[in-house]
Structures are given as structure tokens and as C-alpha cells.
1. Could I have the simple spin-label model distance between E614 and R46, label points 7 Å from Cα toward Cβ, reported in nm to one decimal?
2. Give me the percent relative contact order of the chain, please, defined on Cα pairs under 8 angstrom at least 6 residues apart.
3. Hey, what number do you get for the chain at 222 nm if only DSSP H runs of n ≥ 4 count, each worth -39500 (n - 2.57), divided across all residues, to the nearest 500?
4. Which whole-Hz ³J(HN,Hα) couplings does segment 65-79 yield from phi under the Karplus relation 6.51 cos²θ - 1.76 cosθ + 1.60, θ = phi - 60°, glycine and proline marked x?
5. Under a Cβ-only charge scheme (Lys and Arg +1, Asp and Glu -1), can you give me the dipole magnitude of the chain about the Cα centre, in debye to the nearest 20?
6. Based on Cα positions only, what radius of gyration and what Dmax would you give for the chain, in angstroms?
7. If you add up the charges near S279, with Lys and Arg at +1 and Asp and Glu at -1, over every other residue whose beta carbon is less than 15 angstrom from its beta carbon, what do you get?
8. State the answer as a single residue: which of A199, F114, V98 lies farthest towards the positive end of the charge dipole of segment 61-308, with beta carbon charges of +1 for Lys and Arg and -1 for Asp and Glu, about the Cα centre.
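Where a number appears in this text, it was derived from the coordinates with a stated rule and is not lab data. Owing to the predicted nature of the structure, the values given are computational and were not obtained by experimental measurement. Cβ sites come from the backbone with ideal geometry, for glycine too, and all protein chains shown count toward neighbours.
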Amino acid sequence: MNRRTRVARIVPILIFTAWFSAIGRTQDAAQEDVDRHVHTNRKDARVLPLPREDGVFHFVIYGDRTGGPAEGIRVLEQAVRDTNLLDPDLVMTVGDLVQGYNARDAWLEQMQEFRGVMAGLRCAWFPVAGNHDIYWRGPKRPESEHESDYETHFGPLWYRFTHKNAAFFVLYTDEGDPKDGTRGIRDARHQQMSPEQLAWLKTELAAVRDKKHVFVFCHHPRWIESRYPGSNWGEVHTILKNAGNVTAVFGGHIHRIVYSGKKDGIEYHALATTGGHLSEENAPDLGFVHHLDVVTVRDGGIQVATIPVGAVIDPTKLTEERLRELDMLRGAAITTVSEPIEVATDGSALGVASMIVANPTSFPVEISVTPLQVGQQWSFGPDHVHATIEPGKERRVSFAVSRLDLGFEGFDVPEFSVETEWLSDAGRVGLPKKRTRLGVALDVVEDRPFDAARSGSLSVRGDASCVLLDSARLDVPDGPFTIECWVQPTELDGRRGLLGQADQSEFGLFVSNGTIDFAVHLDGAYRAAETGETLLKTAVWQHIAGVFDGHEVRVYLDGNLVARTRGSGRRTRNALPFVIGGDTGKRGPNSGVVGSIDEVRVSSVARYDGQSFEPSRRFEPDDATLALLHFDEAYGPFVADTSGRKNHGVLREGAAVDRSRSVLSR
């Protein structure tokens, strides 16, 4: 077969192959075009935009690790855990890896510690030399100080590598003065980069002109001229600018995040710390924070995000079992087991406050209980209690409490702060702080004859503005009882509680939208007497009474029976406070009255029967009186109960005694 014959046979084969391949590429493109749509069988829905498909990768940068306390290495360990969750392509540093400023033995020990932590990374990492890594202190100082140690155990002082569509350059900013070999961080003669390194930089930048991005890393951010006057960074920047593809430069040393913006298209970033010393702790808005930077690289640019160390959460740790245990601990009550601290009418107090903190989980917990003093009027001993509670156990915590006879000006009830950490096998978990109020009670009220000129009333502002009584001390019996008061509302709209402790249990008297209803929870359900129409008026004193006689629930307005319903059975109890001026709830008082309340009385009998009676303007206590509050005087946060049973009330959220208004002066 001659050459012409062979060509004649081969050409059709090549044409067919090309044609077939073209058809294949066309079919692949068509299939790709089909795949690049959102597929659904839903009609008339909005067409969703598809994500970008440009090349993308991520890398992480760590700040300085030195100058801080020894536990800074723990911050670095946490940063490694965070980084593994983020799963970047690689990790860069910006120098000061070890504390340094020492001789070889100590330096080698610190190097091993740093590398040991970084060995936990699941990706490659690249070092940058800082002054702490190089400067020698001690006898037998070699001319190059720790440079040879660094290059032996960390890597070259300057180098480059490529990854995907980018080149990474590491520069060395602590070469020192070539004339005398000295090094420093303040003198301008020490802030120069050598001709040797600059020549290398030019040559290597030319070798990566095909890359879309070049990233440069160094220790000293010499582009901040106020910190490095007289440096030759201007020459460095010119080299970077002329390269044409340098995207960003990252530095460290100053232990504060500083963004210097873009210059000739090059972004300049200084990082704070990843375990190093911070001038201000936990002040990220000021640039002082332990962090790692995540850099997202796309063909068209980059995005830099700063993440505080410890902010990255591993969702696989939040298992059902783990959350069940944490929820048990989070919901565990702090139980007061001591009697309330009694406060005398001169404001003095003395006693012991004790509480029980329980650990219902299968791991130990650490607690720290701290009294929060108010106005420095109270004294506590000790000033805090720190303890470990084993699984399934509880701990009693006690404080001696005292207050001088300072009267009630500026009086407030102190609280305790309870901090809890769960010591699981996966590490410590800090729970939200809890607060519990010191239990206090008014001891003795001065027994003075009634003076109409001293008469007052309770002023309430709605929502949580109210007076609270200890329902356990009040102890309304299961049988007949009566709750009553005089009220002068200034607003009638919406749902509003007046007296009681109803929360799918107990009882409550409500004045919602001007109607009145009294409900008692009997044998698992409310039995409510409701007026169904607006009877209350504004700016007028009116008497309201809720009566349960064991067989019937009744409502009286100004002595007239206005609603009734049959009801009997056992009352459903709760441990919530008795609220005057609002409704109760597990999260605290709510839905309060706006206006004035006077002459609140709780009785262990059904005081009123029949169709009508004449309500008294001022009640007097008798054997059936469980609480009687005239609101004539306040003792700091307390209002006095004159029943003789010490069911004194506590003012909350702006509620106050108003001496200019009472039912007696209407």
C-alpha cells in the first residue's frame, strides 16, 4: 500500500472520529445545560438562581502566639480544633510561634510544644518567622541567633509555594543590620529587607505571573508607617505592585486587627493573636481578640472573615443524649432551703442563707455561687463558693448575711449568681448563668393607731408591675376562701390580671377589657364565674371580690353579685407567688393592671353570700384573715401585711405606695 492510499483511508477515519467527538461534546454540553437548572414538578414557582461555579478554595491564618500567659497554648489548641471543623486547604501563620528570647535548650522545648499542637491539624501548615522565633538571649549567642534553629525545625526564612490558582510567598522581616549583625524592632536600620531577599522576591514573582492570585505573609506589618518609620517597605510594595497579580499581604506582631485598606489593588491586613498577649481582653470591636482568619479565594477576588477562637461549633457533639443531659442541668432548680432573712423596721438584717444546687447528669459539674451586692449595703461571708458536684449528687451552699440599720432608702434585695460548667468526656461546657434572689421578709411592723392622713394605695403600671406574696406562707386552704380589693383602673383594654396565682392551676381574679371573671382550678379544670360584659369603669374606686364556698364560684362588684357558676373539688396547687396587680406565670408576673389598688384581703372563709352586701372601705383583720394589705406605707421594697401572719408583700417593676391616693379619700 502506497502513501497516498494510506492517507486516503486514514483521512475519512479522522473526519469521522472528529465528527463523532464533536457530537459527544455537544451532547455533554446539552446535558450539562440541562443539569444547570433547578428541577421540580411544581408549576408557576419562582425560578431560583444557581450558585457560582468559579474556582474556589479556603485557607486559614493564625495570629501571634507569644507574649501572653502560658495558657495561651490552650488557645492555639482550640484554634486547631476550630480549623479542623472548617476544613481549609491549608493554614498560614504570621510569626512569633514560640516565646523565644532564650538560649537553645529552652527554645527547642518551646518549638516541640508548638509543633506538637500544630500536628493536630488535618491539613498542611506553613510557618513565618517573627522576632520571638529568632532573637537569642543568654550566653554563647551565635551570630545568626536562632535562624539556623528555625530553619532546621520550622522551615526556610523566606520561600514560596503554589496551590491551585494561587502562589503563596513568605517573607522574613527580622534580618537586622548587615553591618553589625544587631536586630531590633524599633530602630529604622533594623527595619530593612536585604537586597538578597528583594532580588529573590522579584525573580520568584516573575515565575508565577500565570497565577490569578499571589498572597504574601510576613511578621512585621511595615506598611503601617507610624509604627515603622524609615523602613524600606515602599520598595517592597513597588515590587509587589509591578508583579500585577498580588492580591493581599498579611502580617502580625502588633497583636491587634488592623485593616489598612487597598493600595494599588493590594489588600493589607494585620492580625491580632491566636494565644498571644492582648492589651484588652475580649474586645473584638476594638481589634483585640484571639482569632483565626478564613480567606475564601475565588477567581475574581477574596473574602476575609475573622472568627474568634472557640466560636466554631462541632454539630456532631450535640447528640440527643448530650442535649438531654444538658437540658436536665439547665432546668435544675436552685432550691432555697433556709428561712427568709428577716429585715427589721430599721433596715437591719442578720441570718444565714442556704440553697441546694443539684447535678442530675452523669458527669461532674463545677459551680461558682457569688452574692451580687446592691449598693454595698449588704455583707456576705464568704464572698463566693466554688465547688464540684459529682453525678447525681447535690451541694448545699450557705452564706452569712448581714445589713446595718440603714433604714430603707436605697434598699434592694440582693441576688446570687450561679455559674455552672459541665465536665463531660468531650470537654467543658459552660451553661448560661442563673440568678436567684435572696429570700427576705419584713420582721415586725410598728403597731401604730390608724391615721387617715397616712392612708395610701398601691400604684401599678401594667405588665410586671405588681406586689408579690409568698404563696407557701399565705397557704390558702383547699376549702372556701375569698380574695378581694378596691381598684381604680386607668386603662381597661386587653387581658389583665388583678389578684391570684393562676397558671393552669390555683385561682385568679381577672379584669380583662372591663369584664370580671374569677376562676378556680378544681379537679383538673377551671370553674370560672364571668360577667361577660364590661362593668368596670376608669377613674372610679370599685370593690371586687372573688368567693369560693366549696360548691360555687362567685364574683361581686361593689357588693352586688354579678356572676356565679357551680364548682367543687380539690384545688390544683402550684408554688408560684400570689400576685397583686397582675397575672402570674412560670417566667414571672405579666398582664398587669394600670391604675391604683387598695385594701387587698385574702380570707380562709367565704365572706360574702346572697345577692348583695355593703363593702367596707377599710378592712380589719380577724381569725380568718390570711393577708391584709392597706398600702399605707412602704418599707423599702416591702409593703406590710397587718393580719399578724407576716405575709408581707414585695414591690416589683415600678410598683409603689402612693400616699396621695386611697379608697378612703375618694
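1. Taking the simple label geometry, E614 and R46 are separated by 7.2 nm.
2. Working: 1520 pairs, mean separation 63.0, N = 666.
Reported relative contact order: 9 percent.
3. Values: 9 runs with 113 residues, N = 666.
One gets -5500 deg cm²/dmol as the mean residue ellipticity at 222 nm.
4. Once rounded to whole Hz, the list reads 10, 10, x, x, x, 4, 6, x, 5, 5, 5, 4, 4, 5, 4.
5. Values: 75 positive and 92 negative charges, 598 e Å.
Its charge dipole is roughly 2880 debye.
6. Just the Cα atoms of the chain yield Rg and Dmax of 38.6, 138 Å.
7. Values: positive: R227, R256; negative: D64, E280, E281, D285.
Taking every Cβ under 15 Å from that of S279, the sum is -2.
8. A199
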